[in-house]
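I have placed the structure first, in the form of structure tokens, so that the comments after it can refer back to it.
The values are calculated or read from the model by the stated rules, or taken from the named source; none is laboratory data. Owing to the predicted nature of the structure, the values given are computational and were not obtained by experimental measurement. A quick note on method: Cβ atoms are made from the backbone with ideal geometry, for glycine too, and the neighbour counts reach across all protein chains shown. In case anyone asks, the SASA skips ligands and DNA or RNA and just uses the protein heavy atoms, side chains included. Shrake-Rupley method; radii C 1.70, N 1.55, O 1.52, S 1.80 Å.
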Amino acid sequence: NGNFFPPVLCRHDDLKEMLDSNKDSLKLEAMKRIVAMIARGKNASDLFPAVVKNVACKNIEVKKLVYVYLVRYAEEQQDLALLSISTFQRGLKDPNQLIRASALRVLSSIRVPIIVPIMMLAIKEAASDMSPYVRKTAAHAIPKLYSLDSDQKDQLIEVIEKLLADKTTLVAGSVVMAFEEVCPERIDLIHKNYRKLCNLLIDVEEWGQVVIINMLTRYARTQFLSPNQNESLLEESAEKAFYGSEEEDTKDAKAEAASLAKRKPYVMDPDHRLLLRNTKPLLQSRNAAVVMAVAQLYFHLAPKAEVGVIAKALVRLLRSHSEVQYVVLQNVATMSIKRRGMFEPYLKSFYIRSTDPTQIKILKLEVLTNLANETNISTILREFQTYIRSMDKDFVAATIQAIGRCATNIGKVRDTCLNGLVQLLSNRDELVVAESVVVIKKLLQMQPAQHSEIIKHMAKLTDNIQVPMARASILWLIGEYCEHVPKIAPDVLRKMAKSFTNEEDIVKLQVINLAAKLYLTNSKQSKLLTQYVLNLAKYDQNYDIRDRARFIRQLIVPTEKSGALNKYAKKLFLAQKPAPILESSFKDRDHFQLGSLSHLLNAKAVGYQELPDWPDEAPDPSVRNVEVPEWTKCTSREKRKEKVEKPFYSDSEGESGPTESADS
């Protein structure tokens, strides 16, 4: 029956009637239903004119819900919201703190340049409000006004300076966020409030804690000396001693000894210690974002001996859901490159479960590879052997690459890893074989003369492997080390010449390279084959291949026109190439602040604040000293008066809501 469900328009008309009635109970019921609709994601914008009439309603419960609705739709229905602006201004004088805060929130949501002066005035008044909740809302309104009109920056900085001096925990996080949005370069505003922010930190709400910790990390990097300064100097001098000549060593050693003697022994600034001491308890926070904020602070600011405390807290977060795990592992992967010893006791926490998503598995592999050393490599390789049997192909490919990295970093297991990868060449799965070929190619570049048998074995695989990257890698190996396999190389070229027209572009380029190298080293057997391949390439559809063929023909085949380069063809093609260095993709990410979007993307994101370098000389610490004003040194009689007067102020705040006493 079509009449069973009333149409949407009828239901909205019903709500409009309820909002127009004289009974507060009906209005309240209508507003509850409208807010519920918004919460479910339904559009209630057509009710705006009916709702906005009730801004002046005397019932506080209705008023609160009207403001909730207006905050949501004021930006969309700006013209109608402007008509009620005088009502919002009256709301700023309401005795109830929640109404005052809601009125300011709605006012700052109307993004029209005409009302900028009204907003500015409202924010200034709210910043001096007796209720910390209203002052917090004023701090939230500052970035909104700044994005609407950046010319107001100087006036907004004055308000931020005033709110930074606020002693309540409710305001601290919000005003620091406003500071970060409007004037992050004005570090001088933080000096006088630094110690207060450090002491308040433990009681601020979790969102505020993250904002304050990130800001204080950057502040500390500009105001204190590096706690690891002497260690880095010693490391540098050790490296120079290892690589330099004996004569240079004696001169440099004396100069360095003199400079180290002149340098004062490092003593940590008490304010630096205050920050580390007050953030440490937050490692026990139930909020993952807070724990990670403290972890990045310790990584960037703490002495090496103290950074270890964050490892246990980060490992604890690996029991959380996959989104948290992903961000934690990104941070751990970066930390474990420089501070490997920190995570070694927790090696088993990074073992991979079959239920982990692919991106988590790959990050855990990254961490395990970073933690690999001569003592634990046998355990890690046994673990990798089980991973290769996984059904997740991307994960298997990443595991094979990880084995390759372990082999390059730890010399004693290189042969073991190479033999294991050669065994994988007989695997049924083509992707496993292809990835193994690519990694073996990189490992063979380190000791090609010792492994001619492996090169022969790989040459036979050209008949079976169809993955272009793997075929190209095999051809590159045979071409590069054709002198080690003089009988097999020409035969491989013969087979590839047959199938040249059907190959992928990356393979064709390597066939041309192989032909050129064989022409230079074994022209008797390969002269005609090379000319045949170059003729095929000359008429290929891809212009890269056509260009390569023309270039190589001029370079290797001597003619009257060919220039002086012809003499150096052998040096150009058969020059000894350095072995590739297999490095972690997280190697140089620590110059970004850990946990930031820029660190996650490994590229500077819009709005990212650079992590400053440590200063060479410590700035004046007295800038953080706060003088106690004379009027605060009151007598005991005045203190007693304050106690008597306190109930009077708390009553005037109106009905229930967050009060200053809650944050004392």
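Identification of helices (runs of 4 or more DSSP H) wholly contained in region 481-586 with 2 or more residues that are touching a Pro at 6+ places or on another chain (Cβ under 8 Å) and farther than 30 Å from Ile410 by Cα yields 505-521, 523-538.
Can you find, within region 563-584, the residue that is farthest from Leu368 (Cα to Cα) among those that are open to solvent by less than 70 Å² (accessible area, probe 1.4 Å) and in contact (Cβ under 8 Å) with a residue 40 or more places away in the chain? Reasoning before the result, please.
Applying the first criterion (open to solvent by less than 70 Å² (accessible area, probe 1.4 Å)) to region 563-584 yields 563-564, 566, 569, 573-575, 579-580, 582, 584.
From the residues that got through so far, the ones that are in contact (Cβ under 8 Å) with a residue 40 or more places away in the chain too are 569, 573-574, 579-580, 582, 584.
Details: Ala569: 44, Phe573: 38, Leu574: 37, Ala579: 23, Pro580: 21, Leu582: 15, Ser584: 11 Å.
If we take residues in region 563-584 being open to solvent by less than 70 Å² (accessible area, probe 1.4 Å) and in contact (Cβ under 8 Å) with a residue 40 or more places away in the chain, then Ala569 is farthest from Leu368 (Cα to Cα).
The set of residues in region 360-399 being more than 15 Å from Asp429 (Cβ to Cβ), of a type in the set (Gly, Ala, Ser) and under 29 Å from the mean Cα position of the chain (by Cα) consists of Ala372 alone.
Residues in region 446-457: is at least one in contact (Cβ under 8 Å) with a residue 40 or more places away in the chain and more than 29 Å from Arg550 (Cβ to Cβ)?
Taking every residue of region 446-457 in turn, at least one turns out to be in contact (Cβ under 8 Å) with a residue 40 or more places away in the chain and more than 29 Å from Arg550 (Cβ to Cβ).
The combined condition, being on the phi < 0 side of the Ramachandran plot and either within 39 Å of the chain's Cα centre (by Cα) or modelled with pLDDT of 85 or more (or both), is not fulfilled by Met18.
Leu514 meets the conditions (1) surrounded by fewer than 16 Cβ atoms within 10 Å (Cβ to Cβ); (2) closer than 30 Å to Ala398 by Cα in every case but one. The failed one is (1). Output the residue which, of all residues in region 415-426 that are over 33 Å from the mean Cα position of the chain (by Cα) and surrounded by 16 or more Cβ atoms within 10 Å (Cβ to Cβ), is nearest to Ile465 (Cα to Cα). So, considering only residues that are over 33 Å from the mean Cα position of the chain (by Cα) and surrounded by 16 or more Cβ atoms within 10 Å (Cβ to Cβ), the one nearest to Ile465 (Cα to Cα) is Leu425. A single entry from Tyr326, Tyr351 fulfils the requirement of being within 25 Å of Phe592 (Cα to Cα) and of a type in the set (Phe, Trp, Tyr): Tyr326. Of the residues making up region 317-345, those that are open to solvent by 10 Å² or more (accessible area, probe 1.4 Å), over 17 Å from Asp356 (Cβ atoms) and assigned to a helix (DSSP H, G or I) are Ile337, Lys338, Arg340, Gly341, Met342, Glu344, Pro345.
Out of all the residues in region 99-108, which are closer than 12 Å to Val71 by Cα and either modelled with pLDDT under 80 or open to solvent by 10 Å² or more (accessible area, probe 1.4 Å) (or both)?
Going through region 99-108, the residues closer than 12 Å to Val71 by Cα turn out to be 101-108.
Of everything in region 99-108, those that are closer than 12 Å to Val71 by Cα and either modelled with pLDDT under 80 or open to solvent by 10 Å² or more (accessible area, probe 1.4 Å) (or both) turn out to be Ser102, Arg105.
Does Asp249 satisfy the criteria of being modelled with pLDDT of 55 or more, more than 30 Å from Gln97 (Cα to Cα) and assigned to a helix (DSSP H, G or I)? For Asp249, the condition - modelled with pLDDT of 55 or more, more than 30 Å from Gln97 (Cα to Cα) and assigned to a helix (DSSP H, G or I) - is not met. Scoring Phe384 on the criteria (1) under 29 Å from Gly479 (Cβ atoms); (2) open to solvent by less than 30 Å² (accessible area, probe 1.4 Å) leaves a single failure, condition (1).
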